[in-house]
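Peer 1: Sharing a structure with you now.
The values are calculated or read from the model by the stated rules, or taken from the named source; none is laboratory data. Since the structure is predicted, the reported quantities are computational estimates derived from the model, not experimental observations. Here the Cβ positions follow ideal geometry from the backbone for every residue, glycine too, while neighbour counts run over all protein chains shown. For accessibility, only protein heavy atoms count, side chains too; no ligands or nucleic acids. Shrake-Rupley method; radii C 1.70, N 1.55, O 1.52, S 1.80 Å.
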Amino acid sequence: NKKDKIIDVLILGLDNSGKTTITKRMFNEDVDSVSPTVGFQITPFEYGGYSLSIWDVGGQTTLRAFWGGFYDSTDVVLWVIDGLSTERLEESFSQLNEKIVQQDRLAGIYLLVVINKCDLIPEDKREPLKQSVSRALKLQERLDDDHWHLSLVSGKTGEGVDELLKWVVSRDY
Ligand code: GDP
């Protein structure tokens, strides 16, 4: 029974991209009291009758060495990109490739890539940004269609966050 399964979501990305804000938004915590991640936390909560565990490890360079320790138990990687930090897009893309897409231990993983902070991205810039991220990552060439998803969200306002949870619980585990 699918509903008996705990879905383990590993939320990763560069520091300051908004992982903690999105995690808290997912279980409706006060997002104004968020401080940058300094370690890992496990946050189990219910969504649509499912149990979800969010693992927020932290994206600082010193913490990236710990990411691999979580891979074996991970069902979904949620990769957060700071949509405002254009000067760090390349670093985010290369980390995603190196630490996630090219990892044999993560073969078959579900990958959810989000461009965060869309509340500060003008409406007419959103779709072009999404297209350019999509082109840069080439995920359609590397993963099965139903195994990855790219969307714009705002952890701050909650825009798009519900869609993420719906996507996560509608995969096959
Ligand atoms: P983490 O280091 O990836 O866990 O990032 P945090 O969740 O701590 O967020 C880093 C900073 O970005 C904080 O100042 C947040 O308030 C801010 N932030 C996070 N998400 C959003 C968002 O969707 N919109 C805006 N405008 N700011 C955000």
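Peer 1: Among the strands (runs of 3 or more DSSP E) lying completely within the range 1-94, list those that include at least 2 residues that are away from the ligand (no atom under 15 Å from the Cβ) and at pLDDT 90 or above.
Peer 2: Those strands (runs of 3 or more DSSP E) span 6-13.
Peer 1: Something else about it: Can you run down the residue pairs with Cβ atoms below 8 Å, 6 or more apart or on separate chains, where the first is in the range 139-151 and under 16 Å from Val161 (Cα atoms) and open to solvent by less than 80 Å² (accessible area, probe 1.4 Å) and the partner is part of a helix (DSSP H, G or I) and among the β-branched types (Val, Ile, Thr)?
Peer 2: Leu150/Val133
Peer 1: Another question, if that's okay. Count, please, the residues in the range 114-128 that happen to be open to solvent by 30 Å² or more (accessible area, probe 1.4 Å) and part of a helix (DSSP H, G or I).
Peer 2: Number of matching residues: 8.
Peer 1: For the range 64-81, give me the residue count where each residue is over 18 Å from Asp8 (Cβ atoms), out of contact with any helix residue (DSSP H, G or I) (no Cβ under 6 Å at 6 or more places or on another chain) and not charged (D, E, K, R).
Peer 2: Matching residues across the range 64-81 total 1.
Peer 1: Among (1) away from the ligand (no atom under 16 Å from the Cβ); (2) among the hydrophobic types (A, V, I, L, M, F, W, C); (3) closer than 23 Å to Leu52 by Cα; (4) in a helix (DSSP H, G or I), which single condition is Leu111 missing?
Peer 2: Checking Leu111 against (1) away from the ligand (no atom under 16 Å from the Cβ); (2) among the hydrophobic types (A, V, I, L, M, F, W, C); (3) closer than 23 Å to Leu52 by Cα; (4) in a helix (DSSP H, G or I), the one that fails is (4).
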